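Accompanying notes for the structure given below.
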Amino acid sequence: MNQAQSQDIDTFKGIALFTPGGDLIYCIDPKKQGRWHSHLCAGLQEILNLPELPHFLVPCYTATIDRWLDPQTQQVQTYAEAHPPVLRYQPLLNAVFRTHVVWQAAPVTEGLCDPILLATYRPSFPQLWEEHELVVHFERSLASSRFIEPVSSQPSIKYNSQPLDCTLYLFVAGHNPATERILQTLRQVLEQFNYPYTLKVIDVLKYPEQAEIYQVTATPTLVKVSPKPTRRLVGNLDNAEKLLQMLTFPEI
């Protein structure tokens with residue numbers, strides 16, 4: 001076996017998915033094929049007996065690593081990145097992927113990994129906030145018919161680079177128990193609808209210029225930013241009928 005063949009054995013692509021409580025499920029693919037985020041979510045669902053797939057963990061609780069052979073130098077190169085909430089787990093990531101690298105902080109879109117928004121899932125997924133001391137190596141060969149990607153019409157808060165049907169900004173005054181209740185209620189109402197959306201939380205006390213741009217004079221206010229036209233709902237955000245009308249019908 002020559003040097004290049006020996007190095008090729010060490011090339012792979014890996015993905016790690018953490019829970020807020022610190023448990024880990026990860027996979028390694030030497031062939032660098034497949035999309036596994038949904039598989040890891042399904043694995044967590046089965047292991048922890050979750051009521052549904054925990055897709056809200058992606059991407060905020062993920063880390064990825066890629067090791068490839070540089071064709072010019074015939075040396076194995078490594079790039080590893082982790083999102084800020086899991087960057088502290090670098091020693092564990094290096095252990096499971098058998099590397100000794102410094103993990104880079106993955107770029108995060110403003111508002112993407114809002115702790116308050118993510119915390120609204122805690123009542124529905126309490127197991128994810130508990131520590132079970134799990135480090136699970138998920139083998140792709142174990143993927144069964146249960147480990148499939150959800151249909152695009154499944155209602156959930158989406159965090160990805162694909163175009164979304166609806167973008168919503170929720171303006172609140174501070175992160176407090178009242179804000180958490182609003183987010184929890186709003187998420188429950190929104191997830192009754194059968195189209196994808198993204199929700200961004202904006203604290204007017206920290207970003208008053210955003211409130212001015214979107215002409216927000218009271219909180220809570222929900223603004224539909226896209227698709228156009230822009231619409232808003234002030235105050236009572238648990239009225240499903242008004243919320244549905246705001247999202248689906250254009251202004252007259």
Practice task
Would you mention how many residues in the stretch 100-123 are polar (S, T, N, Q) and either on the phi > 0 side of the Ramachandran plot or surrounded by fewer than 16 Cβ atoms within 10 Å (Cβ to Cβ) (or both)?
Solution key: 2
Practice task
Sort through L50, L17 and tell me the only one that's crowded, with 22+ Cβ neighbours inside 10 Å and either of a type in the set (S, T, N, Q) or at pLDDT 90 or above (or both).
Solution key: L17
Fill in the blank from the handout: When (1) open to solvent by 40 Å² or more (accessible area, probe 1.4 Å); (2) over 20 Å from Y121 (Cβ atoms); (3) under 24 Å from the mean Cα position of the chain (by Cα) are applied to N236, the one that fails is (3)
Practice task
Quick one: in the stretch 221-238, of everything that is assigned to a loop (DSSP other than H, G, I, E, B) and over 12 Å from I182 (Cα atoms), which residue is modelled with the highest pLDDT?
Solution key: T230
Practice task
Go through (1) within 30 Å of A95 (Cβ to Cβ); (2) modelled with pLDDT under 75; (3) under 20 Å from the mean Cα position of the chain (by Cα); (4) not polar (S, T, N, Q) one by one and return the number of the condition E139 breaks.
Solution key: (3)
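The values are calculated or read from the model by the stated rules, or taken from the named source; none is laboratory data. The shown structure was predicted, so the numbers you read here are calculated from the model rather than taken from an experiment. Because the Cβ atoms are built from the backbone with ideal geometry, glycine has one as well, and the counts that use them run over all protein chains shown. SASA here: full protein model, heavy atoms, side chains in, ligands and nucleic acids out. Shrake-Rupley method; radii C 1.70, N 1.55, O 1.52, S 1.80 Å.
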